[in-house]
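Notes follow the structure.
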Amino acid sequence: MRKIGITTTIPSEIIYSAGAVPVDLNNIFITSPIKGDFVYSAEKEGFPSTLCSWVKGIYSSAKSRDDIKEIVVVTDGDCSNSRPLAELLERIGKKIITFGYPFDRNRKKLEEHIFELLNYFDVTLEEATKTAHALDKIREKLDYLDFLSWHDGKITGLENHLWLVNSSDFEGNPKDYENRLDDFLRKAEKRKEKNDFLRIGLVGVPPIFSDLYEYLESKGARVIYNETQRQFSMPLANRGGDLIDRYLNYAYPYSFTFRLQDIKKQIEIRHLDGIIHYTQSFCHHQMEHVLLKNSVNIPTLFLEGDRPAKLDERLKIRIESFIEMIG
Ligand code: SF4
């Protein structure tokens, strides 16, 4: 099976339509038992310690996988480091295909990028649209899973995070993913409703800490809105129109002002008590906290992580104080 590495969510319908399988390199990195070694081995090659660990993790994950020969790198709308990363991946023998989300959300520009991808994979727009509609069956179930999280409290923040984050590539096997999702939903539906926790929104990139969700739950708070991961699942509000419209509605790669529209809406719908804004050390997204805290009417906590690890004591105290304050 032809495996295509991806560095963030792209129109994976195109890859599936070509009979290939997308592999999200972020997920390979963060689910690896040796994720810390991935970061160190990139540093041994000369990657600076003052560079985001996700970039180093993506590089080493790609390097560790001989079965991934082609990688779609999103050079516009994702990471400011992605262009040099693409060159470094090329240097170790990977074929690089670039994709971009135009910052101004210009339809024509996005259409051009999507058609370049369609041409590369020798797929028509009709074929990719058909695949998108087939995948919608799974996405509807993810909408339901998200509903069970924030409305019924039957799903933990970590479970919500894992299912939604893995929908960026459906773990390379949509059918298998769907079967396991069905099984999980059947069990979750039988759980008791739970709403006696503080309601937290987690905004920003998926956290690199391994115990953030559990720590919050141990303190009586639960993440019921995973902003970016929810976008990966292409929720109902994004699914109208054709393939181009869908990826214009996909908020994460565009401006923070655009993302704020959805964040504000979810604060109301989900009755959030507070927002934790997670960002990586050395990431340009950190600046967006100024926009966030000045635009929402609930308390926000800025949380920064560097390497894959558990929360340290200093961070635990900050989180605990935040929870006490909003409680
Ligand atoms: S966290 Fe920031 S710097 Fe790191 S990969 Fe993501 S966008 Fe790039």
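Bear in mind these aren't lab numbers, they're just calculated from the coordinates by the rules spelled out. None of the values given here were measured: they were computed from a predicted structure. Cβ: placed from backbone, ideal geometry, glycine included. Neighbour counts: every protein chain shown.
Tabulated results
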quantity	calculated
Cα centre as origin, Lys/Arg/Asp/Glu Cβ charges: the chain dipole, Debye	340 debye
Charge dipole (debye, nearest 20) of segment 233-327; +1 at Cβ of Lys and Arg, -1 at Cβ of Asp and Glu	100 debye
Nearest-0.05 FRET efficiency for Asp245 and Glu193, computed from C-beta distance (R0 41 Å)	0.70
Listed residue (Ile155, Ser167, Asn195) projecting farthest to the positive dipole end of segment 153-203, Cβ model	Asn195
Part-to-part distance (alpha-carbon centres) for segment 1-53 and segment 275-327, which is given in Å	25 Å
Order of Trp163, Trp150 under a 10 Å beta carbon neighbour criterion, fewest first	Trp150, Trp163
Computed lengthening from His133 to Asp104, 0.36 nm per intervening residue step minus Cα-Cα distance	7.8 nm
Given charges at Cβ of Lys, Arg, Asp, Glu: segment 3-125 dipole, positive-most of Leu89, Ile15, Thr75	Leu89
Value at 222 nm in deg cm²/dmol, rounded to 500, when DSSP H runs of n ≥ 4 in the chain each add -39,500 (n - 2.57)	-15000 deg cm²/dmol
Net charge of neighbours whose Cβ lies under 15 Å from the Cβ of Gln266, counting Lys and Arg as +1 and Asp and Glu as -1	+1
Mean-position separation - Cα centroids, segment 155-193 and segment 77-143, in angstrom	24 Å
Nonlocal amide H pairs with Ile275, under 5 Å, H built at 1.01 Å	Gly201, Thr300, Leu301
Virtual spin-label span in nm between Glu126 and Asp312, 7 Å along Cα→Cβ	5.9 nm
Under-5 Å amide H pairs with Ile97, H placed in peptide plane, nonlocal only	Ile71, Val72, Val73
Lys, Arg +1 and Asp, Glu -1 on Cβ, resulting dipole of segment 3-125 about Cα centre, debye, nearest 20	180 debye
Given charges at Cβ of Lys, Arg, Asp, Glu: segment 3-125 dipole, positive-most of Ser64, Leu117, Leu25	Ser64
Ranked list, fewest to most other Cβ atoms within 10 Å of each Cβ, for Ser53, Ser32	Ser32, Ser53
Local electrostatic count at Lys190 - Lys and Arg +1, Asp and Glu -1, tallied over other residues with Cβ under 14 Å	+1
Whether segment 202-249 is rounded, prolate or oblate, judged on the alpha carbon gyration tensor where a/c under 1.5 counts as rounded	prolate
Pairwise FRET efficiency - Ile298 versus Lys95, Cβ, R0 = 41 Å, nearest 0.05	0.35
At R0 = 51 Å, FRET efficiency that the Cβ-Cβ distance of Ser321 and Asp67 yields, to 0.05	0.65
Value of relative contact order over the chain, rounded to a whole percent, pairs C-alpha under 8 Å and six or more apart	18 percent
